[in-house]
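Below is one structure, written out as structure tokens; comments come after it.
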Amino acid sequence: MLSFYNTFTRKKEIFKSIGKKVGIYTCGPTVYNYAHVGNFRAYIFADLLVRYLKFRGYKTQWVMNITDVGHLLSDADTGLDKIEVAASREKKTANMASWPSWI
């Protein structure tokens, strides 16, 4: 039996899927600064969860967000965009028009 803590209900709840398909959405890497141990915890947990669900016979679709565009420096959603600040610091651009066409 698999259960999770539901932050909305503030209760531990038994995992229930609709059929044998499971969709998982997770945050991706911090792309505006160096990776650190705190970043890797999220990836390891998600990877283990997907592997466990596959082991239990579920067909899983894992989607990971790989950009932090729109995340502002302030937790109050004010100030500058973290990606733009990092790009400026590195003398680069966050303008998608300058990105390679394959992205």
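The values are calculated or read from the model by the stated rules, or taken from the named source; none is laboratory data. Note that this is a predicted model, so its numbers are computed, not measured. Heads up, the Cβs are rebuilt from the backbone with ideal geometry, glycines too, and the neighbour counts pull from every protein chain shown.
For the range 1-60: of the residues being polar (S, T, N, Q) and without any contact (Cβ under 8 Å) to a residue 40 or more places away in the chain, which is nearest to residue 83 (Cα to Cα)? If we take residues in the range 1-60 being polar (S, T, N, Q) and without any contact (Cβ under 8 Å) to a residue 40 or more places away in the chain, then 30 is nearest to residue 83 (Cα to Cα). Among the residues making up the range 47-77, none is over 22 Å from residue 34 (Cα atoms), surrounded by 10 or more Cβ atoms within 10 Å (Cβ to Cβ) and at pLDDT below 80.
Kindly provide the set of residues from the range 9-45 that are at pLDDT 90 or above, within 14 Å of the chain's Cα centre (by Cα) and surrounded by 13 or more Cβ atoms within 10 Å (Cβ to Cβ), ordered by number. Hit for the range 9-45 is 24, nothing else. Among the residues in the range 78-97, are any in a helix (DSSP H, G or I), of a type in the set (Gly, Ala, Ser), out of contact with any strand residue (DSSP E or B) (no Cβ under 8 Å at 6 or more places or on another chain) and at pLDDT below 70? Checked against the condition, which is being in a helix (DSSP H, G or I), of a type in the set (Gly, Ala, Ser), out of contact with any strand residue (DSSP E or B) (no Cβ under 8 Å at 6 or more places or on another chain) and at pLDDT below 70, the range 78-97 yields at least one hit.
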